[in-house]
Amino acid sequence: MVNRGVILALAMPLVASPKLASPKLPSLNEKIVAYCEARVGQKVGTGQCADLAQQALLSFGAADRYRRAPDAPNPGDYVWGRRVATVVPDRQDTAAILPGDVLQYRDVVFERRTRFSWSQSTAAHHTSIVAEVCPGTLRVYEQNVNGRMTVGKTELALDDLKSGTLWVYRAAPVPLRTPARR
């Protein structure tokens, strides 16, 4: 669950970040994004954050790997496929991240200070799915945020990441089994 608490804030307009040109998405990533977009405003599974990723991957035959993979590096740090990036406060390269990738959060703190406000968002343990990759920003699909158990879109300003780790996973389809020759 994510706690996005605002300590002191004045209304400030959100400025849209330009999207980065991304390479052609893998088919599975395209399907995951479409799945999430179609469910904005709806509760997926029990409304827990990981339910969104699990159901999206299950829908397209990739969740089998998630269910069998051991948590890493610690219990509760779900593995959603092949790790393609690790984002920490001093290393925020988004070049390898694509829409449809799954983010696994551990002890994350985002903090924004401006002349007129200060806000903090924390997530000891959370899962979301990348919707868009923009310069310095990831837009994500997530649920179970501030008591909201439905899918919504949120913007993560990576410069505001003060502590913790985001592991980025790319799901892969489970290979079809070919019948054994007799």
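Taking H as built 1.01 Å from N, whose amide H comes closer than 5 Å to the amide H of residue 137, not counting residues under 5 places away?
Residues meeting the amide H criterion: 158.
How far apart, in nanometres, would the label points at residue 116 and residue 46 be if each is projected 7 angstrom from Cα along the Cα-to-Cβ direction?
Taking the two extended label points, one gets 4.2 nm.
In whole Hz, with x marking every Gly and Pro, tabulate ³J(HN,Hα) for region 99-110 from phi via Karplus 6.51 cos²θ - 1.76 cosθ + 1.60, θ = phi - 60°.
Ordered by residue, 3J(HN,Hα) equals x, x, 6, 9, 9, 10, 9, 9, 6, 8, 10, 9 Hz.
Listing 36, 134 from the residue with the fewest other Cβ atoms within 10 Å to the one with the most, what is the order?
Numbers: 36 26, 134 17.
By the 10 Å Cβ count, ascending: 134, 36.
Which entries in 43/153; 24/153; 31/153 show an alpha-carbon gap greater than 24 Å? Walk me through the numbers on the way to the answer.
On the way: 43/153 13 Å; 24/153 22 Å; 31/153 17 Å.
Listed pairs above 24 Å: none.
Rule-based calculations on the coordinates, nothing more; no lab input. From a predicted model like this one, the values you see are computed outputs, not experimental measurements. Note that we place each Cβ from the backbone using ideal geometry, even for glycine, and neighbour counts take in every protein chain shown.
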